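To start, the structure under review is shown below, and the notes come after it.
Just so you know, all these numbers are worked out from the coordinates, no wet-lab data involved. None of the values given here were measured: they were computed from a predicted structure. Cβ placement follows ideal geometry from the backbone for every residue including glycine, while neighbour counts extend to all protein chains displayed.
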Amino acid sequence: MIIIFGTGPKEKIEAEGKFICPKCNIINKYLVKTSRMYFRLFFIPIIPTEEKTEPGVECQNCQRFYDIDVLEGNNYYLDGTPV
């Protein structure tokens, strides 16, 4: 019998919206994500092994991650209107 175990991250989407991406320079959808390392058994996260990371902003167009500060004064609702 083979038992497969190890550790790996599990990402969680905390929020979403639109912003002007610093790289793309157009309004794109973003996701605010956090992650946490888990002990995995048969690739299923079982027990958390580390604290949750600081949230980061991922542009859905270019897939780049930015610090949460990029949303200051640069946040739009999903329909494109300013917050």
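For GLU11, what charge total do you get from the other residues with a beta carbon under 11 Å from its beta carbon, if Lys and Arg give +1 and Asp and Glu give -1? Net local charge, GLU11 excluded: +3.
Search the structure for amide H atoms under 5 Å from the amide H of ARG64, placed 1.01 Å from N in the peptide plane, and list their residues when 5 or more places away or on another chain. Result for ARG64 returns CYS59.
With K and R counted +1 and D and E -1, the other residues having a Cβ less than 13 Å from that of LYS52 yield a net charge of -1. Segment ILE27..ASN61, full-extension length gain: 11.3 nm, with 0.36 nm per residue of separation and the alpha-carbon distance subtracted. The length gained on full extension between PHE5 and THR53, counted as 0.36 nm times the residue separation minus their Cα-Cα distance, comes to 15.0 nm.
Within the shell defined by Cβ-Cβ distances under 10 Å, the residues around PHE65 carry a net charge of 0, with Lys and Arg each +1 and Asp and Glu each -1.
Pairs of Cα atoms under 8 Å, at least six residues apart: use those to get the relative contact order of region 5-71, whole percent.
30
Overall, the anisotropy analysis places the chain in the prolate class: the square-rooted eigenvalues a ≥ b ≥ c of its C-alpha gyration tensor yield a/c not less than 1.5, with a/b exceeding b/c.
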